[in-house]
Structures are given as structure tokens and as C-alpha cells.
């Protein structure tokens with residue numbers, strides 16, 4: 001599909017005099033924005049699991065159920081997260097699930113060689129994760145071990161969690177305290193097979209995938225949704241090889257990983273950054289649009305019916321760790337820059353809803369672009385959390401195509417479109433429009449041509465702050481939070497509003 005973030009010369013609808021112009025064409029609406037675009041990621045990495053999701057069953061200071069933090073459960077329920085990916089990431093291809101079931105005192109201790117070289121005692125395992133997903137009300141997405149595991153190991157894991165009948169694995173599950181299966185639908189067949197998952201060639205991984213996928217069946221009434229380890233950013237050859245060599249009936253989704261990284265060798269501070277570095281970050285974030293377009297075009301050659309979903313199961317900002325923290329724990333703060341990444345990226349996903357039907361922000365708690373940060377019993381919500389909460393009105397809503405003409409955000413001799421947007425209509429008939437202005441200095445007056453949409457009331461919410469580097473911390477937990485936005489006015493068929501610099505706005509029309 002055509003990108004929604006570009007300057008169109010062949011079609012310019014009637015607009016007001018505002019230089020930032022958006023047109024909504026509800027008559028062309030046909031694709032649903034899958035709620036699964038709002039997925040999250042929980043790896044055994046730093047303080048994501050231990051101290052983040054899980055504080056141990058004997059913890060008396062932090063309210064928990066079975067060791068799962070209840071404040072985290074409540075926050076993620078409010079966020080309406082649809083799925084949660086676990087146990088990795090790179091950790092997945094060194095994880096042997098049998099190490100994490102049975103009596104906790106008998107579980108083997110291993111070393112997490114990928115992330116910090118710390119001891120992993122396996123006290124958080126399959127039961128803990130799947131029971132936690134039930135508490136949150138989210139669907140589990142399990143990444144299987146292909147890099148160092150076996151076909152039998154992964155097939156046994158499916159049998160353990162999904163089979164209701166009598167078998168060796170269902171018997172073991174029952175002996176470990178769970179009678180009914182969890183019926184896990186989403187399964188990753190390895191992770192980053194081109195890198196930490198085995199440094200495989202695409203041709204080799206395609207054959208490996210076919211073997212694993214063959215034996216990932218028959219353990220539940222509903223078919224599993226198998227997700228192939230897809231490309232790293234712009235590796236279009238990887239997508240070409242997999243689409244050419246994998247039978248469509250064997251694949252539910254093809255993954256894509258892309259991080260908004262300034263420089264892999266020198267990522268820069270999460271909070272102490274210049275406008276020039278901010279611009280580079282946004283350049284990387286907006287590249288998601290062209291990446292999706294080009295990978296989708298390859299997929300369309302082999303799958304014109306779009307049966308296979310593009311699953312962006314790792315995305316977000318990546319910076320240097322906070323000073324004084326373990327480099328292997330990937331702990332970073334979360335500023336208004338991250339809110340801009342979240343807002344623009346979600347708009348891109350929405351506008352590619354025909355092919356992008358699942359995604360996972362990396363990661364949920366205390367790692368990379370987290371939505372939650374914790375410190376012992378303390379917990380805060382980040383600007384990214386607030387954007388995803390504001391945007392979740394789009395989940396499972398009908399995507400309304402938008403045409404955008406945006407002013408440039410200029411930094412030196414570089415420029416980017418300043419305004420991005422997406423729109424949808426939910427099952428109750430409410431229309432929601434999400435807008436971002438990434439310009440670090442200038443407000444943008446925006447005119448939205450609503451076309452044939454009928455509405456009598458416009459309300460909204462805004463996320464904004466005084467500086468790009470602003471963030472919430474454990475002394476100022478609500479420095480950044482959504483506020484009411486009532487500045488949109490109606491002029492004929494147009495909505496007129498002003499977006500402050502580096503702001504996110506969500507409008508509701510009813």
C-alpha cells in the first residue's frame with residue numbers, strides 16, 4: 001500500500017489554507033487495525049522479569065499473586081495489551097523450558113550468557129508466565145528455542161501447554177499443578193536466526209523452519225499461529241528467500257525487527273541528547289514506513305491474498321544504558337523523544353494494517369523503550385506508556401485511509417515530514433484521529449478534511465512537555481501525563497487544530 005506519510009503531487013483534496021493538511025477517506029476503508037499491533041515483549045534480560053514482572057512468592061513488601069506484581073498487572077490491564085512475547089529475544093534460543101517447570105527448589109541454575117552474565121535460577125518459568133498472562137488478560141506469545149534446542153523439545157512444549165488429552169507431557173503438566181491446557185496460539189520458531197539465533201543463512205533457516213513447523217501441530221483444537229524469524233531491518237533478501245521457500249500454509253506470520261538507533265557503536269544518552277541526535281532518532285523511526293512497504297511488496301509477490309502477517313515483534317528506541325547500571329541489563333530512561341517514536345510508529349502500523357497485524361514493543365519493563373519502570377516497591381509509567389494508552393482506542397477498529405501533506409521539520413540540511421496521522425472508526429461508530437508533530441521547535445497548524453464523516457462533538461487528549469528530554473522518575477512520577485485537549489475547532493467539513501512542538505494528540509469524533 002502507499003505510504004501515508006509523504007507529499008502527494010497527484011492528488012490534493014480541497015483544504016483550508018493550513019500548510020499541514022490531512023484528508024480522511026472513509027469510503028475506502030476496508031482494513032481492520034488488529035489489536036495485536038499493541039503487543040509487548042518480556043525477555044529474561046536485566047530487571048524485566050525479576051524485579052519487574054516477578055518479585056517472588058515470598059515477597060511481603062510488594063503486593064503480588066504467585067510472585068507476580070499486582071501493580072504491574074493493573075497497569076498492563078489499563079493499557080489493554082493484547083499479547084506478550086516471552087522468554088526472548090536472544091535468551092529464547094538458549095532457554096530450555098524443562099528447566100523452568102516443577103518444584104522451584106529443584107530447578108537448575110544457569111548463567112544468562114546473553115544479558116549480563118548473571119545467574120538465572122529459573123524460578124520464573126512456563127506456569128508463571130502463562131498464569132501471569134491470564135491475570136493480565138493477554139494472549140501469550142512464546143518464542144521457541146531453535147538455535148540450541150531440538151524439534152522434539154519444542155513439540156513437547158506445545159504438547160505440555162496445549163494438549164487436553166492423555167500424553168506424557170499433559171501428565172507432567174498435571175503433576176505440576178495445572179489440569180486444563182492454556183491453549184497458546186502464538187509461537188515463534190526461533191528468534192533472529194540471522195544473528196544470535198544461530199547465524200544462519202536464509203536458505204538454511206527456511207529448511208530448519210519447515211522441519212520445526214511440521215511437528216508443531218496436533219496438540220490443540222485450534223491451529224497454532226507460527227511466526228518465522230524474519231529480517232533485520234532492510235535485509236530484503238531474507239524476506240525474499242523465506243517467502244519463496246516456505247509454504248503459505250505453514251506460516252502465520254513473518255517477523256521484522258527494527259530499532260531506532262543513532263549508531264550501534266555509540267547509541268547516545270537516553271536523556272542527555274541534542275536536537276541533532278533527536279532528529280537522527282526520528283529519521284530511524286520514520287524509516288519503519290519504507291521498511292514495511294518494501295518487505296510487504298516482496299510478500300505480495302508470493303502471497304497476494306495477504307494471508308501471512310508481517311509481525312514487527314521487536315521495535316523501539318535503543319540508547320546507552322543509564323550511568324552506573326549493568327551494560328548487559330539495557331536499562332534506559334524514557335523521554336518525550338520516546339513518545340514521538342511510539343506515536344509515529346503506531347501511526348505507520350495503522351496505515352499498513354493490511355499487512356502489519358502484530359507487533360511487540362521492546363520491552364515492557366525496565367529494558368529499552370519500556371512502558372513501566374520499577375525500583376523495589378516503586379513503579380512509574382513512562383511517556384511511551386501514555387502514548388500506547390491514548391492510542392489503544394484504535395484496537396480492532398476499521399482503519400480510515402488518510403492522505404497527509406506535511407510541512408518539513410528541518411535540522412541543518414536535513415528534513416523530515418513533521419506531522420503524521422492515522423484514523424479509525426470503532427464498533428460504536430466513534431472516530432479517532434491520532435496525530436504527532438515531531439518538530440522540536442515549531443507548532444504546526446493542521447487542517448483535517450473529515451469528508452463525509454458525521455459528528456457533533458470533538459474531544460481530545462494531548463501528551464506534551466516543556467523539553468524533549470523531560471521524563472518521569474521516582475521523584476516526579478507524573479511530570480508527563482495525558483491532559484484534556486479541547487482546541488480543535490470545526491470549520492465546515494474541516495477540523496482545525498494546532499499541535500505544539502513534539503506533541504501527541506488523539507481526537508474523538510462522535
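The values are calculated or read from the model by the stated rules, or taken from the named source; none is laboratory data. Because the structure is predicted, anything quoted here is derived from the model rather than measured. Counting neighbours? That spans all protein chains shown, and the Cβs are built from the backbone with ideal geometry, glycine included.
Data for the structure
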quantity	calculated
Filter result for the condition that a residue is touching a residue at least 24 places away in the same chain (Cβ under 8 Å), out of contact with any helix residue (DSSP H, G or I) (no Cβ under 9 Å at 6 or more places or on another chain) and not in a loop (DSSP other than H, G, I, E, B), over 477, 436, 445	445
Which numbered condition residue 461 fails, given (1) under 24 Å from residue 274 (Cα atoms); (2) assigned to a strand (DSSP E or B)	(1)
Per-region count, region 69-107, residues buried (at least 20 other Cβ atoms within 10 Å of the Cβ), in contact with a helix residue (DSSP H, G or I) (Cβ under 7 Å, 6 or more places away or on another chain) and within 17 Å of residue 121 (Cβ to Cβ)	4
All positions within region 209-239 that are buried (at least 20 other Cβ atoms within 10 Å of the Cβ) and not in a loop (DSSP other than H, G, I, E, B)	209, 212, 213, 226, 227, 228, 229, 230, 231, 238, 239
Members of region 240-260 that are touching a helix residue (DSSP H, G or I) at 6+ places or on another chain (Cβ under 9 Å), assigned to a loop (DSSP other than H, G, I, E, B) and surrounded by 18 or more Cβ atoms within 10 Å (Cβ to Cβ)	246, 251
Test: residue in region 299-311 that is crowded, with 18+ Cβ neighbours inside 10 Å, under 22 Å from residue 480 (Cα atoms), in contact with a strand residue (DSSP E or B) (Cβ under 6 Å, 6 or more places away or on another chain) and assigned by TED's automatic domain parsing to the domain that holds residue 265	no
Every residue from region 151-175 that is within 20 Å of residue 92 (Cα to Cα) and exposed (fewer than 13 other Cβ atoms within 10 Å of the Cβ)	152
Options 468, 453; residue that is in a loop (DSSP other than H, G, I, E, B) and at pLDDT below 95	453
All positions within region 35-54 that are in contact with a strand residue (DSSP E or B) (Cβ under 8 Å, 6 or more places away or on another chain) and surrounded by fewer than 22 Cβ atoms within 10 Å (Cβ to Cβ)	47, 51
Unmet criterion (only one of (1) surrounded by 13 or more Cβ atoms within 10 Å (Cβ to Cβ); (2) out of contact with any helix residue (DSSP H, G or I) (no Cβ under 7 Å at 6 or more places or on another chain); (3) touching a residue at least 40 places away in the same chain (Cβ under 8 Å)) for residue 457	(1)
Criterion (within 29 Å of residue 304 (Cβ to Cβ) and in contact (Cβ under 8 Å) with a residue 40 or more places away in the chain) met by exactly one of 198, 149, 190, 177	190
Elements of type strands (runs of 3 or more DSSP E) contained in region 1-90, each with 3 or more residues being over 18 Å from the mean Cα position of the chain (by Cα) and either outside the structural domain of residue 142 (by TED's automatic domain parsing) or at pLDDT 95 or above (or both)	20-24
Filter result (in contact with a strand residue (DSSP E or B) (Cβ under 6 Å, 6 or more places away or on another chain), exposed (fewer than 14 other Cβ atoms within 10 Å of the Cβ) and over 18 Å from residue 433 (Cα atoms)) within region 473-493	474
Some residue of region 387-399 being modelled with pLDDT of 95 or more, under 24 Å from residue 275 (Cβ atoms) and not assigned by TED's automatic domain parsing to the domain that holds residue 332	no
Failed item in (1) closer than 21 Å to residue 359 by Cβ; (2) crowded, with 23+ Cβ neighbours inside 10 Å, with residue 418 passing the rest	(1)
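To keep it simple, each residue is scored yes or no on (1) within 30 Å of residue 327 (Cβ to Cβ); (2) more than 25 Å from the chain's Cα centre (by Cα); (3) assigned by TED's automatic domain parsing to the domain that holds residue 322.
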{"site": "186", "(1), (2), (3)": "no, no, yes"}
{"site": "207", "(1), (2), (3)": "no, yes, yes"}
{"site": "259", "(1), (2), (3)": "yes, no, yes"}
{"site": "278", "(1), (2), (3)": "yes, no, yes"}
